[in-house]
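Here is the structure we will look at, set down as structure tokens.
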Amino acid sequence: METIQIGTKSKQYNVFLGEGVCKDIPAFLTAHFPNLTRVLIMTDETVAKLHLDKILPLTKKWNPVVYTAPSGEKAKTFDIYYQALSTALENHLDRKSLILSLGGGAVGDLSGFVAASFMRGIPFIQIPTTILAHDSAVGGKVAINHPLGKNMIGAFYQPEAVFYDLELLTTLPATEIRSGFAEVIKHALIHDLSFYQWLKENIDDLQSLSIKQLSYSLIKGIKIKNDFVSKDERETGIRAYLNFGHTLGHAIEAEMGYGNFTHGESVMIGMIFALKLSQEIQGLSFNFAEFKAWVEKLGYETRIPKGLSAAQLLTKMKQDKKSIGETARFVLLEQIGKPVLREIDDSLLLDQMKNF
């Protein structure tokens, strides 16, 4: 087991990563929450069928309640948020209760926001079941979506711990593996040239990742995430660099309809676009053709999906919470491991998207 300490201004906590780490949850709850009254397990329909039976026995002592949300981004709506709060109230959870978030990024975002707002805040623990959640489960960003923008209603609210059991990742379909690994690649590009080179040299087939390769990639990604979050918990500065690829990526997700195109695959297209912008604006020296060939071999789409208009995407980008006023902001690279934040003129963005 690997233990990674996450340090933010508001809280320090550990990510426990390895095969079978979930078995340590009862001891953790007993040690850290001696007056725990009840546990609410929040999950989704897909994960519940695969993994709920592994977690329920671990919480039997605390008379667990289960709330099952729809799968994917459909979990992150006002209606589902309201239903989850109703479940907590109907089952008499109180300020000494705790939420276990069992699932991917969407469940984690929903669970964290419920925890942050129920009785003005109760503790929660992340139990990620996807590769993507190595990013979303760490750092305390919790939110639900609005039709006008992704993650627009939320809070900064840190978990008490993250139990990242690699055994829960063995059931992931190919689309979810690609979605999650896009964020691993992002972490390398914005922070660590040597890690990026290691990925290119060692990862050539996402369907045959070894546990050793997966563990190393996730640990590196989480440590990079912590490096930004520990210095800037509430994204007033360098934490914004973690949004590399997300400005266009979120716009694609919204235009395609949440859940119809995965987050990571949208972000990959956004990263490719940001790399091209970086070459154009920042003078980035980068073998773009080599990168594109590599990620296409891994199964990623590298173009904006057909049917999406540049004008509509621009509108969505300007509605993004990272935008200032009416100007879209992009994370670009001066070089691998050296990101910068730039406001980009509308006409330039439209031209670049049409060429792209």
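Values in this text are rule-based calculations from the coordinates and carry no lab data. Not measured: the values here are computed from a predicted model. Here the Cβ positions follow ideal geometry from the backbone for every residue, glycine too, while neighbour counts run over all protein chains shown.
Among DSSP beta bridges whose residues both lie in the chain, state the antiparallel percentage, nearest 5.
Values: 19 of 39 bridges.
Within the chain, antiparallel bridges account for around 50 percent of the total.
Mind pulling the angle between the C-alpha long axis of helix 174-191 and the longest principal axis of the chain? Nearest 10 degrees, somewhere in 0 to 90.
It is inclined by approximately 70 degrees.
Test of understanding: in a Gaussian network model of the chain with alpha carbons linked when under 10 Å, which of G283, G299, G18 would top the mean-square fluctuation ranking?
Most flexible of the set in this elastic network: G283.
Expressed as an acute angle from 0 to 90° and rounded to the nearest 10, what is the orientation of the C-alpha long axis of helix 211-229 relative to the principal long axis of the chain?
With both axes taken from Cα atoms, the answer is about 80 degrees.
Rounded to the nearest 500 deg cm²/dmol, what is the calculated helix-only ellipticity per residue at 222 nm for the chain, with -39500 (n - 2.57) per DSSP H run of length n ≥ 4?
On the way: 13 runs with 152 residues, N = 356.
Rounded to the nearest 500, it is -13000 deg cm²/dmol.
In whole Å, what is the distance between the alpha-carbon centres of region 126-142 and region 302-356?
Measuring centre to centre over Cα atoms gives 25 Å.
Taking square-rooted eigenvalues a ≥ b ≥ c of the alpha carbon gyration tensor, is region 1-115 rounded, prolate or oblate, where a/c under 1.5 means rounded and, failing that, a/b exceeding b/c means prolate?
Details: a/c = 1.38, a/b = 1.26, b/c = 1.10.
In terms of gyration-tensor shape, rounded.
Hey, which of these cross-link pairs are over 27 Å Cα-Cα: K220/K354; K23/K220; K186/K354; K212/K306? Please list the in-between numbers first.
Details: K220/K354 35 Å; K23/K220 24 Å; K186/K354 24 Å; K212/K306 37 Å.
As for pairs spanning more than 27 Å Cα to Cα, those are K220/K354; K212/K306.
Would you mind calculating the relative contact order of the chain from Cα pairs under 8 angstrom and at least 6 residues apart, reporting the percent as a whole number? Don't skip to the answer; put the middle values down first.
Working: 664 pairs, mean separation 54.2, N = 356.
After rounding, I find 15 percent.
I want to verify a result. In a Gaussian network model of the chain, Cα cutoff 10 Å, which of these has the top mean-square fluctuation: I55, I222, I252?
I55
Roughly how far apart, in whole Å, are the Cα centres of region 211-268 and region 143-193?
Each part's Cα centre sits 6 Å from the other's.
Would you please classify the overall shape of region 289-340 from the alpha carbon gyration tensor, given that a ≥ b ≥ c denote the square roots of the eigenvalues, rounded means a/c under 1.5, and beyond that prolate means a/b larger than b/c while oblate covers the rest? Mind showing how you got there, number by number?
Details: a/c = 3.44, a/b = 1.30, b/c = 2.65.
Because a/c hits 1.5 or more and a/b fails to exceed b/c, region 289-340 counts as oblate.
Using θ = phi - 60° and the Karplus form 6.51 cos²θ - 1.76 cosθ + 1.60, what ³J(HN,Hα) does each residue of region 344-350 get, whole Hz, x for Gly and Pro?
Going residue by residue, I get 10, 5, 4, 5, 5, 5, 4 Hz, with x marking Gly and Pro.
Starting from the Cα of T37, step 7 Å along the direction of its Cβ; do the same at Q5; then give the gap between the two resulting points in nm.
My value for the distance between the label points is 3.3 nm.
Under the rule a/c < 1.5 gives rounded, and otherwise a/b versus b/c splits prolate from oblate, where does region 251-356 land using the Cα gyration tensor?
Values: a/c = 1.66, a/b = 1.06, b/c = 1.57.
The shape class here is oblate.
Enumerate the calculated ³J(HN,Hα) couplings along region 52-57 in order (Karplus 6.51 cos²θ - 1.76 cosθ + 1.60, θ = phi - 60°), each rounded to whole Hz, writing x wherever the residue is Gly or Pro.
Coupling constants for region 52-57: 4, 5, 7, 9, 3, x Hz.
For the chain, modelled as a Gaussian network with Cα springs under 10 Å, which listed residue fluctuates most, L275, L58, L100?
L58
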